[in-house]
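First the structure, in the form of structure tokens, and then the observations on it.
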């Protein structure tokens, strides 16, 4: 039962971590960049759902950790500001509040996904994950700024995001081709980054597997040592019993001889 609870807890932490990372990324790109109406509406709904989930987690499981960061990450600023207060999406106050929420989400990761973060740090997957997210944000912005004015295939930020994602993941459909020098350089650097990220993830996975095997081997060795010690104790006890029996037999023989 305890193992089942641990697995459920780990699954929930992974789920919450994924929500936080995605929500932070979506909010971050929505602050400075122009997005399609459908994309922006989707971000509002996703942020609303994430905020509700985080509020429930804090309220029922981490009530002792409620602070200003808790309030920031649990408030859907886009939904409240646009749908309830009638603010414009480009409102400065709305952008500042959402920027504050991005920072709050960053700090909330450690509180809400401690076990997963511990594993990520231990396996060094944090380097690959951080590099992937950083390059995704940087390259998409550079590619969009450079290609959007001259490339008919890049009309919105989503097109730039699609190009960089398929390049970073080494898929490369070829439906978007850069036409500027900086755009092509960005594509080239994205390809190199994909190789580096893949190498980092492979190395991290291999290192984690080797470490896991080493821990299992040490655990097995400790169990064997414990079994050997128990066996030695039993042998010593048997030896003492045999000595007592031998002494008893010796006394019995002496008694019989006297008779």
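Values quoted throughout were computed directly from the atomic coordinates according to the rules given, and no laboratory measurement underlies them. Here the structure is a predicted model, which means the values were calculated and not measured. FYI the Cβ positions are ideal-geometry reconstructions off the backbone, even for glycines, and counts take in every protein chain you see.
Site pair residue 71 and residue 37 shows an inter-label distance of 3.5 nm when each label is modelled 7 Å from Cα along Cα→Cβ. Angle of helix 92-112 to the longest C-alpha principal axis of the chain, folded into 0 to 90 degrees and rounded to 10: 10°. Residues 165, 17, 84, ranked from the fewest to the most other C-beta atoms within 10 Å, line up as 84, 165, 17. Angle of helix 2-30 to the longest C-alpha principal axis of the chain, folded into 0 to 90 degrees and rounded to 10: 20°. For the pair residue 179 and residue 216, the difference between a 0.36 nm per residue extended length and the Cα-Cα distance amounts to 8.0 nm.
Quick one: helix 114-123 against the long Cα principal axis of the chain, what's the angle to the nearest 10°, folded into 0 to 90? So the inclination is approximately 80 degrees. In summary, the chain shows an alpha-carbon radius of gyration equal to 1.71 times the 2.2 N^0.38 Å reference for compact globular proteins. For the chain, the mean residue ellipticity at 222 nm estimated from helices alone is -28000 deg cm²/dmol, where every DSSP H run of n ≥ 4 contributes -39500 (n - 2.57) and the total is divided by all residues, rounded to the nearest 500. Mean-square fluctuations from a GNM of the chain, with a 10 angstrom spring cutoff on Cα atoms, peak among 43, 201, 210 at 210. Here each label is just a point 7 Å from Cα along the line to Cβ, and for residue 245 and residue 171 those points are 7.5 nm apart.
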